[in-house]
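*Asks:* Dropping the structure in here first, questions after.
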Amino acid sequence: MTIGIICEYNPPHKGHAYQIAELKKRYPDCTVVCVMSGNFVQRGTPAITDKYTRAAAALGIGADAVLELPFPYSSAPAELFARAGVSILARIGIDALCFGTEGDVLAQLKNAAGQLDSPAFEKALAAHIADPENRDVGYPVLRDRLYASLFGEEEAALLRTPNNTLAAEYLRAIAETKSAILPIAIPRTGDAHDTEHTAPPAADTVVSASAVRARIRDGAFDDAMTLLPPAAAQCLTEAREAGRLCIDPACIPGAMLLHTYRRTPPEVLARYAGLEGGLAGRLCSAARHAHDAAELFSLAATKKYTHAAIRRAALYGCFGITQDMLRAAPSYTVLLAYSDRASALLRRAKKEGTIPVLSRPAAYKKLPGDAQEAFLRSLSADAVYGMLLPVPYAEAELLALTPTIRTEERGTCKT
């Protein structure tokens with residue numbers, strides 16, 4: 001049985017290790033394939049360390065293969081993030097998709113996914129969005145209010161936690177692909193998503209990735225490593241020693257953003273994903289007064305948009321990402337890491353799958369034209385990410401990267 005996980009692993013923590021261990025306990029012969037965000041993640045921020053390092057850490061916590069969810073999908077809202085991840089897994093021939101939930105609520109989430117996709121709900125939501133009285137209300141809030149009014153507060157509350165929100169979107173995406181993918185829900189253990197501790201947690205506490213990043217940001221790197229599985233801690237430690245740790249995970253290339261939003265007319269920027277409805281104008285106005293990215297986002301903030309929505313939209317404007325690009329299915333994926341156990345699956349995916357799997361980035365020139373263009377957009381984002389690191393890397397280095405391989409004879413190594 002082949003089981004997929006869609007993830008960020010920013011970084012992989014003990015809760016992630018528990019999920020994979022539980023899968024292999026339930027399905028001893030399974031092969032676990034992760035589709036993992038590239039160098040920019042869903043909040044519109046750079047990952048704590050690069051995608052190849054996080055993929056190597058994923059092997060260390062039990063994954064058998066790691067494929068990339070490339071930019072811009074990696075920074076997309078939940079619906080499009082989930083749709084892209086499921087698309088990749090379905091097209092390599094996966095049997096099941098595993099995700100975390102807040103308790104044993106798979107049946108309720110299946111019901112919620114069906115309600116969200118019902119023609120009646122879609123029609124009502126379109127009317128709400130078009131209502132002038134709601135022009136200053138963001139899409140997530142509008143959808144939540146409508147859902148609560150139609151199905152009750154208790155049902156709406158089910159969809160307000162990040163894990164359940166994504167789980168419902170995975171279920172919607174599975175239904176959309178009309179595939180036979182089996183959904184497997186494993187209740188979360190430990191801290192909720194985005195939980196940060198005011199005091200150092202105990203070493204055996206299952207903390208969120210947000211809490212680990214916060215400790216690194218605050219200078220408590222060694223303490224943060226005690227909160228991770230040993231393999232993940234080793235990968236992050238090696239990345240730090242090599243100057244490949246993004247010291248401030250909330251940072252964005254401020255100079256690039258300010259230049260873009262000072263020099264590009266709002267009507268041009270409004271063509272890009274997330275910048276419709278006046279946000280392009282707000283960012284352009286804020287850029288004339290801001291000194292860095294943090295100030296830009298603060299000045300542009302409004303009740304209508306979450307901070308994550310502003311960050312990802314700002315990135316999309318810089319890289320010219322349109323809604324059509326986000327809604328199109330991924331046209332390729334990159335193999336970041338794998339073990340002997342996944343070799344047969346990968347051979348079958350390359351032979352019979354319906355999405356190109358690049359073992360080496362330099363092979364992108366063999367892709368069809370539209371896929372080449374998509375690859376180069378993601379490569380541009382990776383090049384910007386490289387500039388944010390203490391020891392920057394050049395675009396040419398990105399094309400020369402190779403997957404991490406774990407074999408029974410040699411252990412973990414690079415090709």
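The values are calculated or read from the model by the stated rules, or taken from the named source; none is laboratory data. All figures in this text were calculated on a predicted structure; none of them were measured in a lab. Glycine also receives a Cβ, built like all others from the backbone with ideal geometry; neighbour counts cover every protein chain displayed. Just the protein is used for accessible areas: all its heavy atoms, side chains included, with ligands, DNA and RNA removed. Shrake-Rupley method; radii C 1.70, N 1.55, O 1.52, S 1.80 Å.
*Asks:* Net charge near Ile186: determine it from the other residues with C-beta under 15 Å of the C-beta of Ile186, scoring Lys and Arg +1 and Asp and Glu -1. Each step should come with its number before you reach the end.
*Replies:* On the way: positive: Lys14, Lys24, Lys25, Arg26, Arg188; negative: Glu22, Glu102, Asp104.
With Lys, Arg at +1 and Asp, Glu at -1, the net is +2.
*Asks:* Separate question: So for the chain, taking the charge dipole from beta-carbon charges (+1 Lys/Arg, -1 Asp/Glu), which of Pro77, Val391, Leu346 sits furthest toward the positive end?
*Replies:* Positive-end residue among those listed: Leu346.
*Asks:* Charges at C-beta only: +1 for Lys and Arg, -1 for Asp and Glu. How large is the resulting dipole of the chain about its Cα centre, in Debye rounded to 20?
*Replies:* It comes to approximately 900 debye.
*Asks:* Right, next: Ordered by residue, what ³J(HN,Hα) values in Hz, to whole numbers, does segment 339-349 give under the Karplus form 6.51 cos²θ - 1.76 cosθ + 1.60, where θ = phi - 60° and Gly and Pro are x?
*Replies:* So the Karplus estimates, Gly and Pro as x, are 10, 3, 4, 8, 4, 5, 4, 5, 4, 5, 5 Hz.
*Asks:* For Ser37, list long-range residues whose amide hydrogen, built 1.01 Å from N in the peptide plane, is under 5 Å from its own amide hydrogen.
*Replies:* So Ser37 has HN proximity to Cys7, Glu8, Leu69.
*Asks:* Arg348 versus Asp29, label points 7 Å from Cα toward the beta carbon: distance in nm?
*Replies:* 1.2 nm
*Asks:* Here's another thing I want to ask about it. In segment 247-297, which trypsin sites (Lys or Arg not before Pro) are in a loop and have at most 16 other Cβ atoms within 10 Å, using DSSP for the loop call?
*Replies:* Passing both the DSSP loop test and the Cβ count: Arg271, Arg288.
*Asks:* Rounded to the nearest 10 Å², what accessible area does His291 have for a 1.4 Å probe in the complete protein model?
*Replies:* 150 Å²
*Asks:* Taking R0 as 22 Å, what's the FRET efficiency between Asp248 and Asp117 from their Cβ-Cβ distance, rounded to 0.05?
*Replies:* On the way: r = 39 Å, r/R0 = 1.77.
So, using R0 = 22 Å, E works out to roughly 0.05.
*Asks:* Can you bin every Cα-Cα distance in the chain into 20 Å intervals starting at zero and give me the percent of pairs per bin, rounded to whole numbers?
*Replies:* All Cα pairs considered, the percentages come to 26, 61, 12, 0.
*Asks:* Can you find, among Ile252, His289, Thr237, the residue sitting farthest towards the positive end of the charge dipole of segment 229-301, where Lys and Arg contribute +1 and Asp and Glu -1 at Cβ?
*Replies:* The listed residue farthest towards the positive side: His289.
*Asks:* So with the 1.4 Å probe, I'd like the accessible area per residue for the chain, rounded to whole Å². Present the calculation step by step, with values, prior to reporting the outcome.
*Replies:* Values: 17890 Å² over 415 residues.
Ligands and nucleic acids excluded, the result is 43 Å² per residue.
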